[in-house]
Each structure stands twice: as structure tokens, then as C-alpha cells.
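Here, each number is a calculation from the coordinates, and none is a lab measurement. Everything numeric here is computed off the predicted structure, so don't read it as measured data. Cβ coordinates were reconstructed from backbone atoms using ideal geometry, including for glycine residues, and neighbour counts include every protein chain displayed.
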Amino acid sequence: MAKLSELLKETTTFLKEKGIGEVDFGLILGSGLGELADEVEDAIAIPFSEVPHFAVSTVVGHAGKLVYGTLSGKKVLAMQGRFHYYEGHSMQKVTYPVRVMSALGAHSIIVTNAAGGVNENFIPGNLMLITDHINFTGDNPLIGENEDEMGPRFPDMSHAYTPEYCEVTKKVANAQNMSLQEGVYMGYSGPTYETPAEIRMSRVMGADAVGMSTVSEVIVAAHSGMKVLGISCITNLAAGMQSSLNHAEVVETTERVKAQFKELVKATLAEL
Ligand SMILES: O=P(O)(O)O[C@@H]1C[C@H](O)[C@@H](CO)O1
Ligand SMILES: Nc1nc2[nH]cnc2c(=O)[nH]1
């Protein structure tokens, strides 16, 4: 199998030929949240399907494009949509874009998602600052041979969600009179939503929200030495807390709060 560093060389060479230069921040835009990338100035957009070694995105609400340009004065490489483990991709494939962002010079990522609210104080439409996560996917993207030039064999996850970025985000939300919840995101593999019993377990284990993405991306970001800001859009109450769950409702809720979500990310990015 080709080494990760060799694959990355091919991908970054292709992207540089397309006009993508230095990147400060990688942005991963979750279900229904991709519209933020439409606000990138001087944008270069490339479908995932054209990018060497990228998977393709198959989920409704994930446009499947890379968008490069300037947002809030920062050079960003945004993913309009992402890859999920439940789509049948390996964890390495799911997280490959984070490796690419790092290889292009990104020192930080902003990772976003749609999530179910486990915390009984949350309501659909809330935004939640992710302060930590629980990897409950049953897998880890760093399993296998460690390429030491990519990062350490045993990465520290003590401060995976960069505390100073959390502080800046809270200040920005406060200054804008925006309500911002905070909490722990628990990552499941999906594609099933959880059972009510699993949600009761998640709450006891310390989760405030549950989802099907993000944790593997943040593990790779930590391995790569990147800073991380994570924001969940609470699109529904978790299983057992409302009568039933479906993806149409998830996307509908993001539609309703996307203006606030975009404002929060843009205003925070300007301060980072
Ligand atoms: O990509 P994210 O985590 O934003 O999307 C969530 C998880 C599933 O893909 C989908 C379930 O409704 O929303
Ligand atoms: N696992 C999971 N992912 C979600 N994405 C949006 N809502 C949910 C949810 O309730 N559970």
C-alpha cells in the first residue's frame, strides 16, 4: 500500500495546480451547514469526485465540494459536506481531507455537525460549542502503522478542542447576544440513530449530544498538531426524547438556524 505521505503529495500537487495556495483554517461543514462555503470570497470550487484519493459524498445535505478562498480575512479550505464511516469508508479515508488541510499548511480546523441533543436543557436549533468528545465509534483512524512524520504514535487528547478557541467563541456569542450551549459530543458509527436505551447510557457516560462524524476528524487533527474549534447544531432531541427521528428533520433544522450558525462561525473566525 502507498504511504500516506505519497498519497498526500499527489493530492496537494493537484490542488496547487488548481490554484489552491496556503491554507490557515480547514472548515468541515456538516449536514445542511455547507452554505457557509458560498460566502468564501475569490472562491475556487472543486468537486470531491475530481480530487485524487478523495472519496465521494453520498449523503443528502452534503454538496461534496472543496471550496478555497478568503473568509473573515483568513485563507480557508472548506469541505461542503464530509465523508462518514457509515458510508463504508475506512476511518483513514474519512479523515484524509484533514491530512490534506494540514499538508497545505492549515494550523487549525473548524469542524461542524448536525447532532441529537442528549442534555435535557437543549432544544432543537441550539448551537453547541464542543468542549470534548467520546469516541464511541468502535474504531480509530490512527490504528495501523504510524508514519512518524505525520504525528506521534500516542497523541495526547487532553486539549483536543482548543481551550483558547472555546473562550473566543463564547465571547463572540456573548457579544452578539447569541445563545450558545456547550458540551461533550459522543460519536457513534451510525447509520442507525440510537435507541432510547443507548441515549440513556450516553447521558450517564457524560454526553450532551450524539452524532455520526467529527470524532475521527478531530483525532487526526490532534495527531497532526492542529488546533480545533467544534460546533454542533442540535437538530433534534435524541432518541426517546421525541417521538421519532429522521434525516429530513435534521436538514430542516439546519435550514432554520443556518443564518445564526454562519454569523457565529464568521465572527469567531475573524477573532482567531
Ligand atoms: O455530517 P454530520 O455529522 O453533520 O451529519 C449528521 C450525522 C449523519 O450524517 C446525519 C444523520 O441525520 O446527520
Ligand atoms: N447519531 C446521531 N446523529 C445525529 N445527527 C443528527 N441528529 C442525530 C442523532 O440524534 N443521532
Taking only the alpha carbons of the range 188-266, what extent do you get along each of the three principal axes, in Å, biggest first?
-> 40, 30, 21
Can you tell me what the convex hull of the Cα atoms of the chain projects to on average, as an area in nm²?
-> 13.0
Excluding residue 189 itself, calculate the net charge of residues whose Cβ lies under 15 Å from the Cβ of residue 189, where each Lys or Arg counts +1 and each Asp or Glu counts -1.
-> -3
Projected onto the charge dipole of the range 4-271 (unit charges on the beta-carbon of Lys, Arg, Asp and Glu, signs +1, +1, -1, -1), the Cα from 78, 48, 241 with the largest positive-side position is that of 241
How many percent of DSSP beta bridges within the range 4-271 run antiparallel, rounded to 5?
-> 35
In whole angstrom, the spacing between the Cα centers of the range 226-272 and the range 100-145 equals 12
With charges set only on the Cβ (+1 for Lys and Arg, -1 for Asp and Glu), what does the dipole of the range 162-229 come to about its Cα centre, in debye to the nearest 20?
-> 100
Quick one: net charge of residue 78's neighbours, Cβ under 10 Å, K/R +1, D/E -1?
-> -1
Relative contact order of the range 19-95, pairs being alpha-carbon contacts under 8 Å that are 6 or more residues apart, as % = 36
Contact order relative to length of the range 177-220, as percent, for alpha carbon pairs under 8 angstrom and 6 or more apart = 54
Of the beta bridges DSSP finds with both residues in the range 112-249, what % are antiparallel, to the nearest 5?
-> 25
Rule-of-thumb Rg ratio for the range 1-83 [Cα; 2.2 N^0.38 Å; N residues] = 1.07
Taking the range 79-142 on its own, what percent of its Cα-Cα pair distances exceed 21 Å?
-> 37
Most mobile of 24, 42, 208 in a GNM of the chain (Cα contacts under 10 Å) | 42
Could you work out the equivalent-ellipsoid semi-axes for the range 1-152, taking the square root of 5 times each eigenvalue of the Cα gyration tensor, largest first, in whole Å?
-> 25, 21, 15
Fraction of beta bridges assigned by DSSP in the range 1-156 that are antiparallel (%, nearest 5) = 55
Simple spin-label estimate for residue 154 and residue 200 in nanometres, 7 Å along Cα-Cβ | 3.7
Rounding to the nearest 20 debye, state how big the charge dipole of the chain is about its Cα centre with +1 on each Lys and Arg Cβ and -1 on each Asp and Glu Cβ.
-> 100
Over 30 Å between alpha carbons, listed pairs 18/171; 93/170; 93/171; 18/93 = 18/171; 93/170; 93/171
Relative contact order (%) - criterion: Cα under 8 Å, at least six apart; region: the chain | 25
Which of 12, 112, 254 moves most in a GNM of the chain, Cα contacts under 10 Å?
-> 12
With a/c under 1.5 counting as rounded, go ahead and sort the range 107-231 into rounded, prolate or oblate using the C-alpha gyration tensor (a ≥ b ≥ c being the square roots of the eigenvalues; past the cut-off, prolate if a/b is larger than b/c, else oblate).
-> oblate
CD proxy, 222 nm, the chain: helix-only mean residue ellipticity via -39,500 (n - 2.57) per DSSP H run with n ≥ 4, per residue, nearest 500, stands at -10000 deg cm²/dmol
